[in-house]
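Since the structure comes first, as structure tokens, the remarks are kept for the end.
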Amino acid sequence: MESHSYDVTVIGAGPGGYVAAIRAAQEGKSVAIVERDALGGVCLNWGCIPTKALLKSAEHYSFLAHAAEWGFEIGEVAVDWKKVIARSRKTAKKLSGGIGFLMKKNNITVHKGSARYLSANRIEVTDAEGETTELQTTNSIIATGARPGTLPGVEIDNERVITSREAMVLPERPDSLMIIGAGAIGVEFAYFYAAFGCKVTLVEYLDAILPSSDEDISAVLEKSFNSQGIDIHTGARVLSVEPDGDSVTTTYEKEGESTSVKTDAVLVAVGVKGNTEGLELEKIGLELENGFVPVDGHCETAARGVYAIGDVNGPPALAHVASHEGIHALRHMKNQNIAPIDYSLVPSCVYCQPQVASMGLSEAEAKERELEYDCGKFPFSASGKAVAIGETDGFVKILSCRESGELLGAHIIGAEATELITELVLGKSAELAVRDIHMAMHAHPTLSEAVMEAAADAAGEATHI
């Protein structure tokens, strides 16, 4: 068996793994990365990037459908579905190839194959031909990601009953689609398919869509989705999903009554499950918790020198969290005394239209903790830039500590929400008070003025509402 030695071995080349590998190499460490599929992981190949390409196509189509409102007469717009899908795949392929370039640029050795632990410092890699290589390593980072979750009793056949992966590459646009689960994945695909004329039914077990969001956000998004023709049923429990030829019948129960809906396909979007099979973690003394690898505040596992980052260590399953955790793990390898990761600074973004972005506490969480807080809110309907560009749905909402003015949470729904949230993440990270946000001069006219105005409202100094 061939054998190699490294300072750091990373298992998985997604946004957590490849970022950690690059940073380790930049620090002068000898680095190996193990990947059995395409570089870039789910994010670049089957998640963040290709879905945003699809969503942009939906945005363009929605604009063209209402072009007359902007003074354009262009007639009926035809959709080439195969080209919509092909552009998304081309985007993913391009970026995945870029990761390969970065591996070479940073002298990172890529081992194609599946990894398993022999001990905390020994990893065996088996390639597609069955050939094995042993990697001896000082430290290792598990960054194997996750895959779509399923519902008990629901069989995924990848044709009529599908996951997000198949939803990105359906050869034809379905006339009707049932989506089970109204988290970020569910609502993004609901918007995408509805924009192209598909009749979408969205079923959620909890009492609101985007149930982890601030309740004001969920309410506005549900109203917007209703106007887009999306049929929403919250507080509903799926009883069965039964394929029958060219259709699927989904039966769900709500308030004691059962309803059956027949659609062309069913998308199951109910969370993710960590990819740990084959790693043989028991050999290094690790046991899973709820299907994920347990870690401390530095992403280190119970096995000294072994870290787990990203989706494989549990929620929040976000690419930027994985990248941040990878860099933090490397810092912790050098200095065991650094502060743990502050997860209150994680921005959560949903890229449907209207966009949604949040950080920190929701208002319900602030009340549950019995915090004394102020709430500032500014509607995009009062924003000059939003009115000018025809994007007046939504608002910016900011929660601050009543005594200190500290930012507790921020919630945005509307145009470019996923870009605007970063100002508030930075503000909280820098320990700015809400007054510092609204006293900072913001350019006019911009959507970011809504952030300034919401901060001013939280401080009792709003001028434009």
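The numbers here are math on the coordinates, done by the rules we state, and not lab data. Just so it is clear, the structure is predicted and the values come from calculations on it, not from any experiment. Because the Cβ atoms are built from the backbone with ideal geometry, glycine has one as well, and the counts that use them run over all protein chains shown.
Where both residues lie in the chain, what percent of DSSP beta bridges are antiparallel, nearest 5?
Looking only at bridges with both residues in the chain, the antiparallel portion is about 60 percent.
What whole number of Å gives the distance from the Cα centroid of segment 90-154 to the Cα centroid of segment 359-409?
Spelled out, the Cα-based centre of one part sits 41 Å from the other.
Please give me the summed charge of the neighbours of V293: other residues whose Cβ is under 15 Å from its Cβ, Lys and Arg +1, Asp and Glu -1.
Net charge in that neighbourhood comes out at -4.
Just subtract the alpha-carbon distance of S212 and E403 from 0.36 nm times their residue separation and send over the number in nm, one decimal.
That works out to 66.1 nm of additional length.
What's the FRET efficiency of K105 with E129 using the Cβ-Cβ distance as r and R₀ = 45 Å, to the nearest 0.05?
Once the sixth-power term is evaluated, E becomes 0.95.
Go ahead and estimate [θ] at 222 nm for the chain from helices alone: -39,500 (n - 2.57) per DSSP H run with n ≥ 4, summed, over the residue count, rounded to 500.
Helix contribution divided over all residues of the chain: -9500 deg cm²/dmol.
So which of K56/K385; K367/K428; K56/K377 end up more than 23 Å apart, counting from Cα to Cα?
Result: K56/K377 exceed 23 Å.
I'd like the distance separating the alpha-carbon centroids of segment 1-80 and segment 192-238, in whole Å.
26
Please work out the FRET efficiency for the pair S429 and K52, using the Cβ-Cβ distance as r and a Förster radius of 35 Å; give the result to the nearest 0.05.
So, using R0 = 35 Å, E works out to roughly 0.90.
Using a ≥ b ≥ c from the Cα gyration tensor of segment 96-190 (square roots of the eigenvalues), is it rounded, prolate or oblate, where a/c under 1.5 gives rounded and otherwise the larger of a/b and b/c decides, a/b for prolate?
prolate
Roughly how many nanometres apart are two label points built 7 Å out from the Cα toward the Cβ at H444 and N226?
Computed distance between label sites H444 and N226 equals 3.6 nm.
Given a Förster distance of 60 angstrom, what is the FRET efficiency for D7 paired with N158, based on the Cβ-Cβ distance and rounded to 0.05?
It comes to 0.90.
Pairs K52/K82; K93/K283; K93/K334; K90/K112: which exceed 28 Å Cα-Cα?
K93/K283; K93/K334
Once the piece of chain linking R331 and S258 is laid out straight, how much longer is it, given 0.36 nm per residue of separation minus the C-alpha distance between them?
Between R331 and S258, full extension yields an extra 21.0 nm.
With each label point set 7 Å from Cα along the Cα-Cβ vector, what nm distance links N290 and K94?
Between N290 and K94, the label points sit 3.8 nm apart.
Once the other residues with Cβ under 13 Å from the Cβ of D80 are scored (Lys, Arg +1; Asp, Glu -1), what is the net sum?
Net of charged neighbours comes to +3.
When every alpha-carbon pair in segment 354-458 is counted, what percent end up more than 22 Å apart?
Roughly 23 percent, rounded to a whole number.
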